[in-house]
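To start, the structure itself, in structure tokens.
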Amino acid sequence: MASEQPDGVGPQADGKSDEVKDSKAPQWGRLLIGLLIALVLATIMATTYISANHGVVAHNVPWGVTGSSSLTTDVQKNVSLDIHQYANQADLENAANNAEIYGGFVPQTNTLIINVAASLWAPFVMPQAYLEAARQEGVKLQAKPINTLPPEDPEGVVPGLALFVLLVAGYLGSTFAMQRTKTAAAHRRVTVLLGYSIVVGLVVDLIAGPILRAYPDVGSNFWKLWPEFALICFAVALLAATLQSLIGPLGTLVTVVIVVFFGNPSTGGGNGVAYLPPFWQDIGVVLPPRNGLYLVRNTLYFHGNSITLPLIVLGIYVVVCAALVIFFSWGNVLWWRADKRKGGKKPRETITPAEETGTAATPPG
């Protein structure tokens with residue numbers, strides 16, 4: 001009997017050992033898959049951010065003139081310009097105040113108009129190019145900066161920084177809401193995200209305005225920026241909720257790729273869209289980040305001019321995505337995602353902590 005007990009214990013111990021080995025194998029597999037996904041995302045992010053910003057080269061800089069000039073002709077040999085003709089200097093400056101051009105040249109008085117808030121790079125590049133041309137022709141220039149940046153934000157970075165926070169807050173809000181309710185298309189999801197976005201907009205506005213005083217004229221701009229901040233956050237949150245409704249937790253990562261990996265670099269940052277490669281100039285038009293940046297920047301530094309298009313684009317995201325989220329929340333409309341397994345078990349709707357937080361992203365440079 002005593003000799004049989006070890007024999008009985010031995011196989012049992014070996015069985016447990018096999019179970020431990022079997023349980024560890026899938027964990028290593030999941031770990032490697034997770035790291036591979038992280039590597040792919042890091043590769044995408046490195047490609048998008050570096051390709052968009054590694055070379056600050058002009059591509060069709062919007063530039064106003066009030067007549068032909070040999071100086072402008074010489075400048076065009078080295079700088080790619082998109083020339084806009086205006087009847088006089090007043091019309092040219094009005095276009096600059098509407099954020100339509102980065103500046104311009106008035107050959108009648110040899111005056112260089114510099115639209116400072118439109119781009120941090122153009123106020124250095126364009127005067128240098130015109131001065132070099134004027135030196136060769138023996139012409140004396142005079143410069144007139146307009147829309148100068150305030151001391152609260154001398155480099156014009158506050159709109160971009162606030163935008164990045166709102167983008168992250170948008171997709172994280174939708175993701176955490178999905179994790180808590182176990183589904184991306186729960187009833188009242190739109191209402192909940194609207195309330196969340198209003199609170200986020202208020203918090204960001206309070207921090208940037210009354211607390212840190214990072215933008216000018218806090219008393220008046222605070223009430224303008226609050227609904228704009230809420231709109232940006234709401235648009236991104238609904239985009240994330242829509243994608244999560246369609247493809248589950250993976251929708252969070254897709255949102256990050258669209259909004260952070262592609263959308264944020266396409267804003268042009270402080271340099272301006274004209275200093276992005278053509279690909280990035282084109283795709284940014286239809287994405288929330290650039291429209292959000294223009295909405296905030298033009299409100300702060302261009303007297304609220306030229307914000308209609310950003311409002312329309314962001315509004316389209318809100319209306320379309322809200323309608324889709326509401327539609328997905330009623331009935332089993334996503335028949336193609338139904339679980340076909342035996343027994344009719346429901347598909348997994350919870351998300352893991354890794355999926356919950358999406359992926360890390362760096363703020364704009």
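The values are calculated or read from the model by the stated rules, or taken from the named source; none is laboratory data. Small disclaimer: the values here were computed from a predicted structure and weren't measured. Here the Cβ is made from the backbone with ideal geometry for all residues, glycine too, and neighbour counts use every protein chain on show. For the accessible areas, the whole protein counts, side chains as well, though only heavy atoms, and no ligand, DNA or RNA atoms are used. Shrake-Rupley method; radii C 1.70, N 1.55, O 1.52, S 1.80 Å.
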For Asp217 and Ile50, calculate 0.36 nm times their separation in residues minus their Cα-Cα distance, and state this gained length in nm to one decimal. 56.6 nm
Can you tell me how much longer the chain between Leu36 and Asn60 gets when fully stretched, taken as 0.36 nm per residue apart minus their C-alpha distance, in nm with one decimal? 4.7 nm
For Arg180 and Glu137, compute 0.36 nm times the residue count separating them, minus their Cα-Cα distance, and round to one decimal in nm. 8.5 nm
Return one whole number: the accessible area per residue of region 138-246 in Å², for a 1.4 Å probe. 44 Å²
Just by accessible area at a 1.4 angstrom probe, what is the order of Phe279, Phe262 from largest to smallest? Phe279, Phe262
Sequence ranges 156-163, 230-237, ranked by mean other-Cβ count within 10 angstrom, highest first: 230-237, 156-163
